[in-house]
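Notes for the one structure printed next.
The values are calculated or read from the model by the stated rules, or taken from the named source; none is laboratory data. These numbers come from a predicted model, not from an experiment. Neighbour counts run over all protein chains shown; Cβ positions are idealised from the backbone, glycine included. Heavy atoms of the whole protein, side chains included, go into the accessibility calculation; ligands, DNA and RNA do not. Shrake-Rupley method; radii C 1.70, N 1.55, O 1.52, S 1.80 Å.
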Amino acid sequence: QKEVEQNSGPLSVPEGAIASLNCTYSDRVSQSFFWYRQYSGKSPELIMSIYSNGDKEDGRFTAQLNKASQYVSLLIRDSQPSDSATYLCATSYFGNEKLTFGTGTRLTIIP
Amino acid sequence: DTEVTQTPKHLVMGMTNKKSLKCEQHMGHRAMYWYKQKAKKPPELMFVYSYEKLSINESVPSRFSPECPNSSLLNLHLHALQPEDSALYLCASSRGTSGTDTQYFGPGTRLTVL
């Protein structure tokens with residue numbers, strides 16, 4: 001059973017602090033990793049994709065991938081109230097049309 | 001441009017009605033997807049079209065019928081739905097189906113079945 005696990009939260013972080021979201025996966029063949037942000041009642045929006053071990057930065061967002069430990073994380077620096085949303089981790093692997101989603105972590109940034 | 005459009009935004013239908021959801025993308029993507037999402041749950045894959053051919057049907061009830069008229073359009077025909085089918089229906093597209101291609105989601109159709 002391929003699984004992606006996330007802490008459902010809610011995760012509360014003060015405005016301006018770093019929010020750290022974690023995701024673990026059980027399928028060792030997973031090669032592609034995606035972080036989506038979903039506001040309540042809206043559709044998922046891609047934040048970051050990562051394919052190689054290490055860090056990938058895009059503005060205030062940094063994705064970290066450790067394939068040996070089978071986890072991927074998303075750091076949000078200088079958190080803003082507009083970052084309050086549910087963050088979905090998803091994985092896939094080469095030749096697979098499906099994304100496997102985690103259950104999502106609800107993040108609340110406290111002003 | 002990574003835009004996927006969906007119509008209508010909201011749909012209310014009775015259990016005997018027939019309706020259709022529409023999805024369109026002009027990014028040249030060759031894979032398109034239908035997902036169903038219930039509140040506080042992740043998206044649940046329903047169908048995948050790859051190069052206009054149905055490649056995955058996740059054992060979806062026959063009251064949901066997908067159609068891909070061309071590479072830019074995806075429809076979901078609805079008939080004799082049940083109240084438990086009420087959900088957010090999401091369309092997504094990706095460049096291909098290699099597993100490394102990012103899926104981009106449309107805004108969704110909020111469906112309510114009475």
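When the criteria are applied in full, B:Ser71 fails the requirement of being surrounded by 13 or more Cβ atoms within 10 Å (Cβ to Cβ), of a type in the set (Ser, Thr, Tyr) and within 11 Å of another protein chain (Cβ to nearest Cβ). Being at pLDDT 95 or above and either among the β-branched types (Val, Ile, Thr) or assigned to a loop (DSSP other than H, G, I, E, B) (or both) is the filter here; which residues of the stretch B:82-102 pass it? Hits for the stretch B:82-102 are B:Gln82, B:Ser86.
Quick check, is B:Arg110 in contact with a strand residue (DSSP E or B) (Cβ under 6 Å, 6 or more places away or on another chain), more than 11 Å from every other protein chain (Cβ to nearest Cβ), among the charged types (D, E, K, R) and open to solvent by 20 Å² or more (accessible area, probe 1.4 Å)? Criteria not met by B:Arg110. Restricting attention to the stretch A:1-15 and to residues that are assigned to a strand (DSSP E or B) and within 14 Å of another protein chain (Cβ to nearest Cβ), the residue that is surrounded by the most Cβ atoms within 10 Å (Cβ to Cβ) turns out to be A:Val4. Tell me whether the stretch B:86-102 contains one or more residues that are out of contact with any Phe, Trp or Tyr (no Cβ under 8 Å at 6 or more places or on another chain) and more than 13 Å from chain A (Cβ to nearest Cβ). Checking the stretch B:86-102: at least one residue is out of contact with any Phe, Trp or Tyr (no Cβ under 8 Å at 6 or more places or on another chain) and more than 13 Å from chain A (Cβ to nearest Cβ).
Candidates in the stretch A:85-100 are the residues that are within 7 Å of chain B (Cβ to nearest Cβ) and over 10 Å from the mean Cα position of the chain (by Cα); of these, the one that is most open to solvent (accessible area, probe 1.4 Å) is A:Phe94. Of the strands (runs of 3 or more DSSP E) lying entirely inside the stretch B:1-54, the ones with 3 or more residues being more than 9 Å from chain A (Cβ to nearest Cβ), open to solvent by 50 Å² or more (accessible area, probe 1.4 Å) and at negative phi are found at B:18-25. The residue pairs whose first member lies in the stretch A:11-26 and is over 14 Å from A:Arg106 (Cβ atoms), whose second member is surrounded by 13 or more Cβ atoms within 10 Å (Cβ to Cβ) and aromatic (Phe, Trp, Tyr), and whose beta carbons are closer than 6 Å, counting only pairs six or more residues apart or on different chains, are A:Thr24/A:Tyr71.
Of the residues that sit in the stretch B:55-64 and are away from chain A (no Cβ under 11 Å) and part of a strand (DSSP E or B), which one is least open to solvent (accessible area, probe 1.4 Å)? Per the stated criteria, the residue is B:Phe64. Close Cβ contacts (under 6 Å, 6 or more residues apart or on different chains) running from residues in the stretch A:41-56 that are facing chain B (nearest Cβ under 8 Å) and over 26 Å from B:His10 (Cα atoms) to residues that are surrounded by 19 or more Cβ atoms within 10 Å (Cβ to Cβ) and not β-branched (Val, Ile, Thr) comprise A:Ser49/A:Phe34; A:Tyr51/A:Ser32.
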